[in-house]
Amino acid sequence: MPKIHPETKVLIIKRLKTRSTADVADTFNVSQRQVQRIKKRFEETGDVFDKPRSGRPRKTTAREDRLLARKSKASPFSTAAELHETWSPEVPVSTRIRQTVLSRNGLHGRISAQKPALNKRQLKNRVAFAKAHSLLKGWTLEKWQKVDFSDESSVEVAANIAGDLLEPTWIRDSPRKQ
């Protein structure tokens, strides 16, 4: 059942004074049962607004949540604790709440991939290749666009059990390409 805006509920109550339930339901494209419930609530309470919901009040506002998400996108390698310092240090919220806010915005904490640095021999070979196949030597832009660059090396990076060398990052999940 779609939620009906309070202003629409007020209009439904006004129309019920002169029209039938079926006519009002057709006019506002809602079911007759919804119109009957709105009428009954209005007769019992005198208004059409929903009652406050139960549950713990939020620590952060929607604006603060958007600000945290924006800060995270600006510096994706910051931890949730570091983001909190730049976000709003006066708001007393836990790291878990910050992680939940980021997760609700589609940003999930991951450990970024560690790529090994190139050694001197690899750098020298790359410069030599670039000089041998430069645009001055007859290689056109079309030829370069057909080249698929790959280092074709397999590297095993040992997992760090303590986790102090791997850098966390906040990334947006994207649908997998198949």
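Quick note: the coordinates plus some simple rules give every number you see, no bench work behind them. None of these values were measured; they are calculated from a predicted model. Don't worry about glycine lacking a Cβ; one is built from the backbone with ideal geometry, like all the others, and counts go over all protein chains shown.
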**Item:** For the stretch 9-18, Karplus couplings with θ = phi - 60° (6.51, -1.76, 1.60), whole Hz, Gly/Pro x
**Value:** 4, 5, 5, 4, 4, 5, 5, 5, 5, 10
**Request:** Using a/c under 1.5 as the rounded threshold, could you call the stretch 50-110 rounded, prolate or oblate? The axes a ≥ b ≥ c are square roots of the C-alpha gyration tensor eigenvalues, and prolate needs a/b larger than b/c, oblate otherwise.
**Result:** prolate
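If you build the convex hull over the alpha carbons only and average its shadow over all orientations, what do you get for the stretch 1-81? Give it in nm² to one decimal.
For the stretch 1-81, averaging the hull's shadow over all directions gives 8.4 nm².
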**Prompt:** Roughly how many nanometres apart are two label points built 7 Å out from the Cα toward the Cβ at Ser54 and Ser134?
**Reply:** 7.7 nm
**Complete:** Between Ser78 and residues 5 or more places away or on another chain, the pairs with built amide H atoms under 5 Å apart involve Trp170
**Request:** Identify the trypsin sites (Lys or Arg not before Pro) of the stretch 1-46 meeting these criteria: DSSP loop state and at most 16 other C-beta atoms within 10 Å of the C-beta.
**Result:** Lys3, Lys17, Arg19
**Complete:** re the stretch 54-154: pairs of Cα atoms spaced beyond 24 Å account for a percent value of 53 percent
**Request:** Report the chymotrypsin sites (Phe, Trp or Tyr not before Pro) located in the stretch 1-51 that are in a DSSP loop and have at most 13 other Cβ atoms inside 10 Å of their Cβ, or state none.
**Result:** Phe49
